[in-house]
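Inspection log for the structure reproduced underneath, given as C-alpha cells.
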Amino acid sequence: MKSIIFGASGQDGHYLTDLCRLKGMEPIGVSRSGNGVRSDVANYEEVELLVKEHKPAYIFHVAAESTTRQDARFENHETISTGYLDIIEAVKKHHTES
C-alpha cells in the first residue's frame with residue numbers, strides 16, 4: 001500500500017514517513033528540496049502525475065513554507081491552499097474504486 005507525503009523533508013513529514021513505514025506502507029516522500037521526489041504541491045500537473053502514477057491509498061499534505069515573513073504570505077497561501085486543491089482535484093480525477 002502506497003502513501004504520498006507532500007512536505008516529506010520537514011520535521012512532520014520525516015516522522016510521518018517513519019510512521020508509514022512502521023505501518024507497512026510504501027511512503028513516497030515529496031518536497032521541493034531534500035531527498036525523495038522533487039515536486040511542488042502548488043503545481044497541479046506535477047501533483048496529478050504523482051497521483052496517477054502511484055495510485056496511493058493515502059495522501060498526506062504537510063507541506064508549508066518555513067518562514068513567517070509577511071512578504072511571503074502569498075507563497076505560503078499557494079503552498080497550503082492551492083496545494084490542497086491540487087491534491088483533491090487529482091484524486092477526484094484519478095481515484096479508482098477498489
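With the simple model of a label 7 Å out from the Cα in the direction of the Cβ, residue 44 to residue 73 spans 2.6 nm.
Only lysine pairs 8 or more places apart, or on different chains, with alpha-carbon atoms under 16 angstrom apart are counted in the chain, and they number 7. Helix 83-94 and the long axis of the chain differ in direction by around 30°, with both axes built from C-alpha atoms. Can you give me the % of accessible surface on the chain that is carbon or sulfur? Probe 1.4 Å, all protein chains present, nothing else counted. It is 51 percent, rounded to a whole number.
The phi torsions of segment 39-56, fed into the Karplus equation with coefficients 6.51, -1.76 and 1.60 and a -60° offset, translate into couplings of 7, 10, 4, 7, 9, 4, 4, 5, 5, 4, 4, 5, 5, 5, 6, 9, 6, x Hz, rounded to whole numbers, with Gly and Pro shown as x. In terms of its C-alpha gyration tensor, segment 20-59 comes out oblate, because a/c is 1.5 or above while a/b does not outweigh b/c. For segment 1-59, the solvent-accessible area with a 1.4 angstrom probe is 60 square angstrom per residue.
Sequentially through segment 59-67, phi angles give Karplus couplings (6.51, -1.76, 1.60; θ = phi - 60°) of 10, 10, 10, 10, 6, 7, 6, 9, 10 Hz, Gly and Pro residues having no value and appearing as x. Per residue, the average separation of C-alpha pairs within less than 8 Å and at least 6 apart gives the chain a relative contact order of 31 percent.
Short to long, the 5 Å bins of the Cα pair-distance histogram for the chain hold 3, 14, 25, 24, 19, 10, 4, 1, 0 percent of all pairs.
The H on the amide N of residue 28, modeled in the peptide plane, is under 5 Å from the matching H of 3, 4, 5, each at least 5 residues off or on a different chain. For the chain, the longest principal axis of the Cα atoms and the long axis of helix 11-22 meet at an angle of about 10 degrees.
The values are calculated or read from the model by the stated rules, or taken from the named source; none is laboratory data. For clarity, every value in this text was computed on a predicted model and none was experimentally measured. A quick note on method: Cβ atoms are made from the backbone with ideal geometry, for glycine too, and the neighbour counts reach across all protein chains shown. To get the accessible areas, we keep the full protein, side chains included, count just its heavy atoms, and leave off ligands, DNA and RNA. Shrake-Rupley method; radii C 1.70, N 1.55, O 1.52, S 1.80 Å.
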